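First the structure, in the form of structure tokens, and then the observations on it.
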Amino acid sequence: MTLTLTLREAPAAPVRAEALAPDRLAGLGAAEIERLELWHGNRRAAVGDLFAVAGGVSDDVRVEGDLRRVSGLGTRMAGGRLTIAGDAGPHTGAEMAGGDIVVEGDAGDSAGVGMRGGRLVVRGSAGRRLGAAYPGERAGMSGGEILVHGDAGDEAGAGLRRGLIAVAGRTGDAAGLSALAGTIVAFGALGAHPGAGMRRARERSMVSAPPLFAEAAFCRCAISVLPGPCDHQRRARKSTWGSSRGRPRCHPRAR
């Protein structure tokens, strides 16, 4: 039976809801969940004061209401399923390691930041720094999958280390900024400077036919080349990739 938490009213101040993750709520009854505390602005508030709790003990959790000011839903979750019925606030699925999150509306900034595993599906659009690193840190998403049915804001996948980010709509500026590994697939338009500072990650634009790669895994020159390859890569394709002679001069093994 699904455990349902319904927001009683739009909060007057931001709510930090890191405690509301399926694997942490599994095994707790409704009364125990209602006694959990969240930060509401600069004070603590019981979950029961903010949400109506219904349903049985379950790791299948559904959260309903105007959640745009509720941050951190599903933070560090390692299992279970979380459905957000509507728009979600910032940091949804931050540092998640397993399980599934489905956002039926839009997701705020920094969704999936520092993600290590699991799957995050956004049926609307996502804000800035999707699957990126925390400010001041180099390493962003290191595992899992993020699938966005709408658009994604700037710096999606910044600091990407591993995993997959796929965006059906437009992807904003600087996608894959300073990424080291992993894959970003953009089915719609790309903003400016995709792959800036990228090293071994891969960005793929599905706009043109046939689709072309930025191929940052093989190039350390300026990565403003989506959806086509750089001059070094065009020349290298005329040779054989089986030897270092056939690789572009910016390929790490051609040095």
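Taken together, the values in this text are just the output of simple stated rules run on the coordinates, not laboratory data. Keep in mind that this is a model prediction, so the values were computed, not measured. Heads up, the Cβs are rebuilt from the backbone with ideal geometry, glycines too, and the neighbour counts pull from every protein chain shown.
Scale the Cα Rg of region 60-207 by the rule-of-thumb value 2.2 N^0.38 Å and send over the ratio, two decimals.
0.91
Legend: calculated FRET efficiency, A54 to R199, from the Cβ-Cβ distance at R0 = 41 Å, rounded to 0.05, equals 0.25. When you count the other C-beta atoms within 10 angstrom of each residue and take the mean per peptide, 186-197, 73-84, 42-53, 137-148 line up highest first as 73-84, 137-148, 186-197, 42-53.
Maximal additional length on extending the A45-A189 stretch stands at 47.6 nm, based on 0.36 nm per residue less the C-alpha distance. Applying both filters, DSSP loop and at most 16 other Cβ atoms within 10 Å, to the GluC sites (Glu not before Pro) of region 7-40 gives E9.
If you take the beta carbon distance between L147 and T6 as r and set R0 to 30 Å, what does 1/(1 + (r/R0)^6) give as a FRET efficiency, to the nearest 0.05? Please report the intermediate quantities before stating the final value.
Values: r = 26 Å, r/R0 = 0.86.
With a Förster radius of 30 Å, E is 0.70.
Multiplying the residue separation of Y134 and A31 by 0.36 nm and removing their Cα-Cα distance gives an extension gain of 33.6 nm.
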